[in-house]
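All remarks here apply to the structure that follows.
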Amino acid sequence: MEQSPTTRRIDGWRWSGRLFLTFLLGFTVMPMAWMFITSLKTGFAAMQYPPQWWPAEPTLENYWRLIDPSSSVGQDFLHYFWNSMWVSTLTTVLAVAVAVPAAYAFSRFRFPGRNFLFFAVLLRNMFPAVVFLVPLFILMKVLGLVNTHGSLVLTYLTFGLPLAIWLLKGFYDNIPIQLEQAARIDGATRFQAFFLIVMPLSTPGIIATSIYSFIGAWNEYIYAYTFLTKHDQMTLPVGIQRFFSENATDWPGLMAATFLMSVPVVVLFLVLQRYFVRALTEGAVKH
Amino acid sequence: MAEVVLKDVVKSYGSIYAVNHVSLKVEDGEFVALVGPSGCGKTTTLNLVAGLIPLTRGEIWIGDREVSGLDPKDRDIAMVFQNYALYPNKSVYKNLAFPLQMRRLGRAEIDSKVQAAAKVLDITHLLERKPRELSGGQQQRVALGRALVRDPRAFLMDEPLSNLDAKLRVQMRSEIKRFHQDMKATVIYVTHDQLEAVTMADKMAVMNGGFLQQYDSPANVFANPVNMFVASFIGSPAMSLIPLEAGSDGGTTVLRSPEGWSFALDGRNAAKVAKAKGKRVVLGARHSTVRLLPNAEPGTVPGKVYTVEPTGDVTFAQVFVSGALVNVSLPPTYAIRPDETVNVLFDQARMHLFDGETEMALTA
Amino acid sequence: MSTAQGQAIFRDVPASPPKKPHIGQRAWQARADYLYVAPAILVMLIVIAYPIYYTIELSFFNTPANLQLSQKQWTGLSNYTAILSSPVFWKVTWQTLVWTVLSTFFAFVLGLGAALSLHREFVGRAFLRGLLLVPWVVSAVAASYVWKWLYHSDFGAISAMLTAAGLIDKPINFVDNTQTSLYALIVVNIWKEFSFAMIMLMAGLQTVPEQLLRAAQVDGASPWQRFWHVTFPHLSGVSTVTVLLLVVQNFNSFIIPFIMTGGGPVGSTQIWITHIYELAFLRQRWGLGAAYAVLLFLIMMTLGYFYVRALTRGDESRAG
Ligand SMILES: Nc1ncnc2c1ncn2[C@@H]1O[C@H](COP(=O)(O)OP(=O)(O)OP(=O)(O)O)[C@@H](O)[C@H]1O
Ligand SMILES: [Mg+2]
């Protein structure tokens with residue numbers, strides 16, 4: 001059958017789309033693949049040019065070293081890992097606990113100053129971390145939080161909050177107020193109406209904001225680098241750097257460490273990404 | 001069931017009054033329809049009774065208890081919302097069970113009540129579905145069911161049928177009516193639809209601009225509207241209102257048009273006009289009380305046909321009289337054409353007269 | 001008149017509007033509402049309002065290297081004039097502009113392309129989307145190390161690939177070369193953040209009405225015309241927010257240049273934030289750093305104004 005010019009044009013369109021996706025996929029995956037491949041090499045095998053595209057003798061040695069609690073490297077790495085886990089989890093739980101009531105109030109109530117406060121919250125993202133380092137460091141000193149994870153949690157809370165409040169507010173805006181009213185007439189208190197009816201409907205938003213907070217806290221570097229000077233407090237991004245600067249040429253070891261550092265957030269995100277997309281679509285973008 | 005009383009209830013938002021000094025008594029077991037144009041304060045009134053928004057002023061009583069400051073859950077009322085407000089993440093069964101769970105009933109008792117309500121409303125086969133898997137009519141039944149499972153002191157319904165198609169609406173209307181009779185329920189029912197109000201309600205409360213305009217049986221509201229607003233709001237097509245001027249012509253009271261013509265009033269109507277504050281009087285006539293005559297006779301006034309709408313068994317015509325459009329119903333055989341000049345006769349026994357200054361009905 | 005039991009209770013009360021309550025009164029009436037936002041606002045106040053105040057103050061003083069605030073000296077605007085008259089300022093600003101504009105442009109274009117290619121349903125779409133999102137999810141620290149290794153002057157995989165493809169004959173020193181370093185870092189930045197644009201635009205695409213596209217197709221519009229006349233206008237809101245966020249993010253970038261080059265070689269990858277960091281933390285010029293930060297606030301507040309406007313457009317109509 002003969003193809004009409006339009007069909008051919010659509011095909012052309014489609015093929016260029018596929019070509020583009022392939023290119024993008026290569027661009028995206030290549031560095032991560034190289035990270036993994038390098039991590040399977042010995043230090044000696046990594047220092048070759050042209051490089052071995054796949055290690056002649058792949059080894060998991062770099063990983064064993066990092067997760068071996070009896071070696072000093074392993075001890076440090078696991079320590080950093082748990083520090084990161086603890087700080088990120090606490091940040092996430094608190095961020096949700098703070099964002100949910102705030103988003104709800106911004107959506108439902110009309111108190112004076114509402115718009116101003118809402119905008120002020122959104123503006124948080126405008127300020128780069130670096131310029132706040134000194135004042136926050138001094139503040140943390142005053143609060144007695146230097147060299148504690150509390151200083152990080154307090155600061156990290158504010159990264160996630162603007163997006164969390166914005167997303168959740170979008171969700172609450174889309175939940176008819178009549179649902180809560182119905183619940184209250186059915187015998188629920190204000191709080192029961194919120195927890196039994198409204199909260200479950202905003203679950204995708206809560207999951208999405210949790211992921212966002214968690215990833216933000218897990219990956220944060222600058223404040224952790226400044227606020228924590230004792231190495232048993234350090235989180236992964238900072239700890240890894242320290243570990244690397246002591247063995248300046250151990251690229252495979254560093255790649256194994258960055259790989260392990262990336263695994264939790266990547267897995268978390270891949271498993272829950274549909275909530276994230278849904279939350280963006282339903283909560284934020286749709287008007 | 002219990003009576004519901006509103007005493008001088010006021011609700012203001014900033015500088016606007018959504019509900020303005022409304023007093024109203026709904027007797028135990030009575031079905032009251034709350035009608036009025038959009039934005040007149042119907043939903044606000046209902047929400048005040050339910051306790052969903054705080055009163056600005058006034059009192060609300062349910063039964064022998066003042067509930068003005070109480071939480072909705074403590075008022076023991078049930079409400080059906082315009083958009084049903086079914087809990088989207090709960091099954092029909094759980095939707096029905098929710099009010100009972102909140103009142104800490106036992107599981108067995110909840111189950112028997114849910115099943116009973118489901119049976120009455122014929123939704124037993126839907127119990128496991130989620131609300132979005134139901135048709136509009138089914139959702140409506142579930143919403144009704146959620147109100148029914150309890151034995152509340154009063155039911156509040158906010159345009160519960162407005163989202164249904166015409167046929168379903170008629171069917172649900174009679175079901176709600178039967179339910180009211182069976183339960184001897186006290187019901188306050190908000191509706192846009194006059195036909196609903198007239199067919200279902202024992203009494204009708206007409207609101208406008210936050211004010212309660214008239215509160216009476218549907219028949220009385222129709223026959224004796226207290227002011228021009230009620231007169232033009234109730235009845236379809238609307239009552240025609242013609243602004244005229246009172247005068248006298250050799251001792252008899254007449255109504256005079258700026259166009260120059262006038263017609264004489266009978267004694268009772270003359271007595272009404274005498275009570276008007278000024279000279280301006282508005283004549284109100286329902287379509288069925290206006291006749292068109294072939295020739296000018298005493299009492300007829302000139303008019304010009306504007307539109308003619310045959311509907312089958314009646315033909316509706318709109319006639320310009322003294323600059324106002326007057327609705328007239330005619331037998332389908334009546335020959336009439338737009339732009340034709342006609343002689344209009346108002347039925348003196350059934351005409352309404354309003355004070356042009358105050359817009360209130362004039363009474364003898 | 002014959003209404004039943006004199007129940008016609010129409011009242012001829014003139015609707016004299018009550019005075020709008022005073023703002024303090026309204027705030028008092030709404031006092032319970034503030035409890036909901038109080039924790040969020042409190043955290044924000046601590047972590048933002050105080051630092052802003054502190055930074056502004058610092059920018060008008062010369063503060064000794066040990067940050068002994070009691071010994072600071074008022075210098076008026078001299079920190080600002082010093083910045084604006086320094087040639088380094090203009091060099092860094094130019095590099096920041098190049099960095100921000102190129103990063104934003106390519107991240108947006110790649111993100112848009114990806115969003116459009118992924119909009120159609122096909123097998124493995126969610127997986128592909130997830131894969132493309134990985135760079136956005138991994139930490140910038142990890143990304144910086146990986147790319148540093150890829151760019152390595154002796155053992156770098158990129159040089160090797162280009163050699164294998166016959167494009168070059170000896171390894172290129174991407175990062176330690178003032179000609180290429182900034183662009184090499186921009187590539188990393190684009191890699192890191194194009195999928196943020198992608199996910200925002202994907203969300204936006206789902207709101208484009210299907211019927212409109214069909215109608216345009218029936219009217220004989222080519223795919224390109226459909227995109228240009230239907231899809232793209234619908235994306236304008238999300239696009240504005242996305243571009244603004246990218247600009248802000250890029251202007252505020254720190255980790256990639258800090259870890260990969262530390263601003264070098266010879267300042268060729270120094271951008272505002274790394275420069276501020278260097279002034280304040282490496283050279284203890286607190287006043288200068290603070291003055292830079294204040295200038296940055298001003299720029300950010302301007303962007304922030306547009307951001308909030310774009311973000312809340314439709315918000316009022318939605319919240320009713
Ligand atoms: N939360 C509020 N804030 C300010 N004004 C309000 C609020 N709720 C209602 N109003 C105003 O009060 C008036 C009455 O509103 P209400 O919802 O009671 O009208 P309604 O009679 O139910 O109308 P409809 O038939 O359209 O449902 C309207 O003018 C409305 O704008
Ligand atoms: Mg209403």
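Can you find, among B:Gly63, B:Asn224, B:Leu330, the residue sitting farthest towards the positive end of the charge dipole of chain B, where Lys and Arg contribute +1 and Asp and Glu -1 at Cβ?
Farthest towards the positive pole: B:Gly63.
Would you look at the GNM of chain A, springs on alpha carbons closer than 10 Å, and say which of A:Trp86, A:Trp15, A:Trp218 moves the most?
With Cα springs under 10 Å in chain A, the top fluctuation among A:Trp86, A:Trp15, A:Trp218 is at A:Trp15.
For the stretch A:97-149, which trypsin sites (Lys or Arg not before Pro) are in a loop by DSSP, counting at most 16 other Cβ atoms within 10 Å?
Taking the stretch A:97-149 and a limit of 16 other Cβ atoms within 10 Å, the loop trypsin sites (Lys or Arg not before Pro) found are A:Arg110.
Please say if chain C is rounded, prolate or oblate, where rounded means a/c under 1.5 for a ≥ b ≥ c the square roots of the C-alpha gyration tensor eigenvalues, and otherwise the choice is prolate for a/b larger than b/c and oblate otherwise?
oblate
May I ask for the distance between the Cα centers of the stretch C:66-103 and the stretch A:110-175, given as a whole number of Å?
Measuring centre to centre over Cα atoms gives 26 Å.
For B:70-79, what's the mean count of beta carbons from other chains sitting within 10 Å of each residue's beta carbon?
4
Just need the relative contact order of chain B here, percent rounded to a whole number, with Cα pairs under 8 Å and 6+ apart.
Result for chain B is 16 percent.
Beyond 36 Å, how much of the Cα-Cα pair distribution for the protein assembly as shown remains, as a whole percent?
Here the tail beyond 36 Å accounts for 64 percent of pairs.
To the nearest Å, what is the center-to-center distance of the stretch C:142-196 and the stretch C:269-300, using C-alpha atoms only?
28 Å
Rounded to whole Hz and in sequence order, give me ³J(HN,Hα) for the stretch C:194-199 from the Karplus expression 6.51 cos²θ - 1.76 cosθ + 1.60, θ = phi - 60°, writing x for Gly and Pro.
5, 6, 5, 4, 4, 5
For peptide A:98-109, compute the average count of partner chain beta-carbon atoms within 10 Å of each residue's beta-carbon.
Taking the mean over all residues of the peptide, I get 5.
Evaluate the relative contact order of chain C (contact order divided by residue number), counting alpha-carbon pairs under 8 angstrom at least 6 apart; express in whole percent.
Value for chain C: 25 percent.
If I fit a long axis through the Cα atoms of helix C:140-150 and take the longest principal axis of the Cα atoms of chain C, what angle between them do I get, 0 to 90°, rounded to 10?
Helix C:140-150 and the main axis of chain C meet at about 30 degrees.
When you look at the Cβ of every residue in A:17-30, what mean number of other chain Cβ atoms sits within 10 Å?
5
Which ³J(HN,Hα) values in Hz, rounded to whole numbers, follow from the phi angles of the stretch B:230-237 under the Karplus curve 6.51 cos²θ - 1.76 cosθ + 1.60, where θ = phi - 60° and Gly and Pro get x?
4, 4, 7, 7, 9, x, 9, x
Arrange the residues A:Phe171, C:Phe232 by how much accessible surface each exposes, largest first, with a 1.4 angstrom probe.
Reading off the accessible areas and sorting them downward yields C:Phe232, A:Phe171.
Out of every Cα pair in the stretch B:4-226, what percent are spaced more than 21 Å from each other?
55 percent
Give me, ordered by chain and number, the residues 5 or more places off B:Gln214 or on other chains with an amide H under 5 Å from its own placed amide H.
So B:Gln214 has HN proximity to B:Val206.
Straight-line reach only, C-alpha to C-alpha below 18 angstrom: list the lysines that B:Lys113 could link to, leaving out same-chain residues fewer than 8 apart.
Here the lysines satisfying the reach criterion relative to B:Lys113 are B:Lys90, B:Lys94.
Which angle between 0 and 90 degrees, to the nearest 10, do you get for helix B:166-183 versus the longest principal axis of chain B when only C-alpha atoms count?
That works out to roughly 70 degrees.
Expressed as an acute angle from 0 to 90° and rounded to the nearest 10, what is the orientation of the C-alpha long axis of helix C:286-312 relative to the principal long axis of chain C?
Between helix and principal axis, roughly 50 degrees.
Can you work out the Karplus-derived ³J(HN,Hα) for every residue in the stretch A:251-259? Use 6.51 cos²θ - 1.76 cosθ + 1.60 with θ = phi - 60°, whole Hz, and x for glycine or proline.
Values, residue by residue: 4, x, x, 5, 5, 5, 5, 5, 4 Hz.
Considering Cα pairs under 8 angstrom that are at least six residues apart, work out the relative contact order of chain A and quote it in whole percent.
28 percent
Give the residue list of trypsin sites (Lys or Arg not before Pro) in the stretch B:99-144 that are DSSP loop and have at most 10 other beta-carbon atoms within 10 angstrom.
When the trypsin sites (Lys or Arg not before Pro) of the stretch B:99-144 are filtered for loop state and at most 10 Cβ neighbours within 10 Å, B:Arg104 remain.
Rounded, prolate or oblate for the stretch A:133-239? Axes are the square roots of the Cα gyration tensor eigenvalues, ordered a ≥ b ≥ c, and the cut-off for rounded is a/c under 1.5.
prolate
What does the C-alpha gyration tensor say about the overall shape of chain A? Classify as rounded when a/c is under 1.5, otherwise prolate if a/b is larger than b/c, or oblate.
Judged from the Cα gyration tensor, chain A comes out oblate (a/c at least 1.5, b/c at or above a/b).
Which value, in debye to the nearest 20, gives the size of the charge dipole of the stretch C:35-185 about its Cα centre, when Lys and Arg are +1 and Asp and Glu are -1 at the Cβ?
Result for the stretch C:35-185 is approximately 200 debye, rounded to the nearest 20.
Here are some pairs, A:Lys141/C:Lys148; B:Lys203/B:Lys277; A:Lys41/C:Lys148; which of them have Cα atoms lying more than 27 Å apart in this structure?
In this structure, A:Lys141/C:Lys148; B:Lys203/B:Lys277 exceed 27 Å between Cα atoms.
Hey, in the GNM for chain B with a 10 angstrom Cα cutoff, which one of B:Pro243, B:Pro88, B:Pro37 fluctuates hardest?
Per the Cα network of chain B with a 10 Å cutoff, B:Pro88 tops the list.
Which loop GluC sites (Glu not before Pro) in the stretch B:276-364, with loop taken from DSSP, have no more than 13 other Cβ atoms within 10 angstrom of their Cβ?
Passing both the DSSP loop test and the Cβ count: B:Glu357.
Would you calculate, for chain C, the mean residue ellipticity at 222 nm contributed by helices, counting each DSSP H stretch of 4 or more residues as -39,500 (n - 2.57) and dividing by all residues, to the nearest 500?
-19500 deg cm²/dmol
Which value at 222 nm does chain A reach when only helices count, each DSSP H run of 4 or more adding -39,500 (n - 2.57), with the total divided by all residues and rounded to the nearest 500 deg cm²/dmol?
Per the formula, -23500 deg cm²/dmol.
The values are calculated or read from the model by the stated rules, or taken from the named source; none is laboratory data. These figures come from a predicted structure and were not determined experimentally. In this analysis, Cβ positions are derived from the backbone assuming ideal geometry, glycine residues included, and neighbour counts consider all displayed protein chains. The accessibility values were calculated without ligands, DNA or RNA, using every heavy atom of the protein model including side chains. Shrake-Rupley method; radii C 1.70, N 1.55, O 1.52, S 1.80 Å.
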